[in-house]
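In what follows, a single structure is set out as structure tokens and then discussed.
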Amino acid sequence: MLAKCKICKDKGVDKQALVMLTTYKLNLCIDHFISWLEKRTDETIKKFKMFGKKEKILVAVSGGKDSLNLWYILNKLGYIADGFYVDLGIEGYSDKSKIFAQNMAEKINRNLLVVDMKKEISDIISISKKSKRPVCSICGTIKRYYFNKTAKDYGYDILATGHNLDDEVGVLFGNTINWKVDYLKRQYPVLEGKKGFIKKVKPFCRISEKESAMYSFFNKIDYIKKECPKSKGATSIKNKQIIAQIEENILAFKIRFYIDFLTYMHPLLQNEIIHKDEPTNCSVCGEPSFNNICSVCGLKEKL
Amino acid sequence: MQITLRYRDEDITLNFENKEVIKVSDILKKLKLTDKTAFVVRNGEISQPHENIKGDDNIEVISVISGG
């Protein structure tokens, strides 16, 4: 027997469910799944006091499903949200992912700010070779720096990323099995702004990757499905595969692990205060830094 | 039996030896995916793991795991 949409059934309508959300024991038709996901995103924004309708939001957009979906949903919910894309100069990949970001900007009639790394410093493969640092490490440094700087330069109040539940659980899992207590202290859907850092939020932290992918499919939001060529063997992907296996055996593992961490463990970790240096201003560019020269200016010097 | 499908923006062909009937779950298994980490779009609609594949089906497998 085919499952029926629960929400339709509650309204006295007999409609087949096409989305089975086993985590929540909820079967939904397409329309109710779409509104469920949008409502869940808005609830997350309100629950964690991320932002209001008057604040200007800059969404980090990679061309992937989560950031594009987030950008689309924020605008649909009535928030003021523009996009920000970093062209990392990865041959055969960056040019394609940028097109998806540009297409979304057109679709929702919002601005897309673009930083081209080849013009700023160099493509990240070259930066990685010359600095002798892994590409993924360079990618993270570059994106965080330009995301924050661009938001300030253009007067945005909030930075939003498309990190989803699977991303957060992957990081939480990795930090737990390695007991990275400092990182566990900082893991939260909201990073408040301070000393040159703009407030940063993750409105998709309670949305799973599969839910996000289905949202893209039903709304015909096209995104880059090809993996970044530099992500092969990435620890984050390996952790997600392990977690997927756990979820096969423990129903609702991901959402419970994450929400229970935020509810019970995160507050306990805040009581353990380890005093560290406050950020200062980079002596070259003036951006916040925990060293005299920030990471990006340090990379520029090496090149 | 051979099935050609779209996966991560590329066309690939999967071989199923000694199988006359291929299910959606067989495709996922062949690609080392599960219904938690992927879904199959058949002729423009999401298919459930127990459904059979027909020879002329237009198939795309959407893997949901991203990262790096």
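Observations on the model:
- Acute angle (nearest 10 degrees) that the helix A:30-47 long axis makes with the longest principal axis of chain A, alpha-carbon atoms: 50
- Within 10 Å of each Cβ in A:224-232, the average number of Cβ atoms from other chains: 4
- Of A:Ile243, A:Tyr183, A:Tyr85, farthest towards positive along the dipole that unit charges on Lys, Arg, Asp, Glu beta carbons give the protein assembly as shown: A:Tyr183
- Surrounding net charge for B:Arg8, when Lys and Arg each add one and Asp and Glu each subtract one, Cβ distance under 11 Å: -2
- The dipole here belongs to the range A:137-221: it is taken about the Cα centre, uses +1 on the Cβ of Lys and Arg and -1 on the Cβ of Asp and Glu, and is about 320 debye.
- Among the GluC sites (Glu not before Pro) in the range A:78-186, those placed in a DSSP loop whose Cβ has at most 10 other Cβ atoms within 10 Å are A:Glu91.
- For chain B, the carbon plus sulfur part of the accessible surface works out to 42%, probe radius 1.4 Å.
- Averaged over its residues, chain A has an accessible area of 51 Å² per residue, based on protein heavy atoms and a 1.4 Å probe.
- Take the Cβ atoms of B:Asn58 and A:Lys47, set R0 to 45 Å, and the FRET efficiency comes out at 0.65.
- Surrounding net charge for A:Lys4, when Lys and Arg each add one and Asp and Glu each subtract one, Cβ distance under 12 Å: +2
- Counting only Cβ charges, +1 for Lys and Arg and -1 for Asp and Glu, the dipole size of the protein assembly as shown around its Cα centre is about 740 debye.
- Here the range A:24-133 is treated with +1 on each Lys and Arg Cβ and -1 on each Asp and Glu Cβ, and its dipole about the Cα centre works out to around 420 debye.
- q = 0.12, 0.14, 0.20 Å⁻¹, the range A:135-282: log10 I(q)/I(0) [Debye, one scatterer per Cα]: -0.62, -0.86, -1.57
- Using the Cβ-Cβ distance between A:Gln102 and B:Thr34 with R0 set to 30 Å, the FRET efficiency from 1/(1 + (r/R0)^6) comes to roughly 0.35.
- Volume of the convex hull of chain A (Cα atoms only), normalised per residue: 152 Å³.
- Protein heavy-atom surface of the range A:214-303, 1.4 angstrom probe: 52% of the accessible area is carbon and sulfur, with nucleic acids and ligands not counted.
- Value of [θ]222 nm, deg cm²/dmol, for chain A, DSSP H segments ≥ 4, -39500 (n - 2.57) each, nearest 500: -14500 deg cm²/dmol
The values are calculated or read from the model by the stated rules, or taken from the named source; none is laboratory data. Since we're looking at a predicted model, the values are computed, not measured. In this analysis, Cβ positions are derived from the backbone assuming ideal geometry, glycine residues included, and neighbour counts consider all displayed protein chains. Surface accessibility is based on the protein's heavy atoms, side chains included, excluding ligands, DNA and RNA. Shrake-Rupley method; radii C 1.70, N 1.55, O 1.52, S 1.80 Å.
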